[in-house]
Ligand SMILES: C[S@@+](CC[C@H](N)C(=O)[O-])C[C@H]1O[C@@H](n2cnc3c(N)ncnc32)[C@H](O)[C@@H]1O
């Protein structure tokens, strides 16, 4: 039996509910508080593997919505509302979305995380690099009025990163979910109302 009660609780619940990863509970908490995703929305999910965020988003958007997931790794989730692009986010191009008939998204979420080294500053800077890439994609592919959720590992670059978000969004908050492990540096930037 695992000695980690946190792992048992969230992992067991994810399994019970049929989600491929326990990280779904973080997005659920964000959605319940900020109501970012709505029926009919087109959502881009960056760092989508194994697929629990995309699966949860599909439940909200309904038959008129669409989710596009991107990850280096394959996903374990399939739905006719969901299209998966197996690619590095640094290699995404406008054609990837145009070929799907999508010009702009209502929401962009990123749960991307670098392979952690255990060296806090290195993990922080690599995480910030992924968030900056997600923000650049938002500048190109997010509708006016649209919102974004991005996971980041806390560290010295965070205040600067938040300011970069504030240039593009009217409301930017930093949120820590209950489902995040104790002692983890993980935070979420919640950016609403793209200018
Ligand atoms: C915490 S997992 C995402 C879990 C997912 N949200 C879910 O609920 O199933 C982080 C993901 O970010 C992906 N990732 C990291 N760097 C990436 C990159 N440069 N391009 C695409 N995906 C990346 C990893 O492959 C990993 O699958």
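Values in this text are rule-based calculations from the coordinates and carry no lab data. For clarity, every value in this text was computed on a predicted model and none was experimentally measured. Quick reminder, even Gly has a Cβ in these numbers, built from the backbone with ideal geometry, and neighbours come from all protein chains shown.
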Go through (1) more than 9 Å from the ligand (Cβ to nearest atom); (2) buried (at least 16 other Cβ atoms within 10 Å of the Cβ) for residue 12 and report which single condition fails.
(2)
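Output the number of residues of the range 34-54 satisfying the condition of being on the phi < 0 side of the Ramachandran plot, within 10 Å of the ligand (Cβ to nearest atom) and touching a strand residue (DSSP E or B) at 6+ places or on another chain (Cβ under 8 Å).
6
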Scan the range 35-78 residue by residue and report those that are in contact (Cβ under 8 Å) with a residue 12 or more places away in the chain and surrounded by fewer than 17 Cβ atoms within 10 Å (Cβ to Cβ).
38, 39, 40, 62, 63, 64, 72, 73, 74, 76
Please tell me if residue 104 is in contact with a helix residue (DSSP H, G or I) (Cβ under 7 Å, 6 or more places away or on another chain) and surrounded by fewer than 17 Cβ atoms within 10 Å (Cβ to Cβ).
yes
Residues that are in contact (Cβ under 8 Å) with a residue 24 or more places away in the chain, in a strand (DSSP E or B) and either on the phi > 0 side of the Ramachandran plot or in contact with a helix residue (DSSP H, G or I) (Cβ under 7 Å, 6 or more places away or on another chain) (or both), drawn from the range 150-191
150, 152, 153, 175, 188, 189, 190, 191
Going through the range 55-81 one residue at a time, which ones are away from the ligand (no atom under 12 Å from the Cβ) and touching a helix residue (DSSP H, G or I) at 6+ places or on another chain (Cβ under 8 Å)?
60, 65, 68, 79, 81
Give me the residue from the range 128-142 that is touching a residue at least 40 places away in the same chain (Cβ under 8 Å) and out of contact with any strand residue (DSSP E or B) (no Cβ under 6 Å at 6 or more places or on another chain) and, out of that set, surrounded by the fewest Cβ atoms within 10 Å (Cβ to Cβ).
140
Output yes when any residue across the range 157-171 is crowded, with 18+ Cβ neighbours inside 10 Å and within 14 Å of the ligand (Cβ to nearest atom), and no when none is.
no
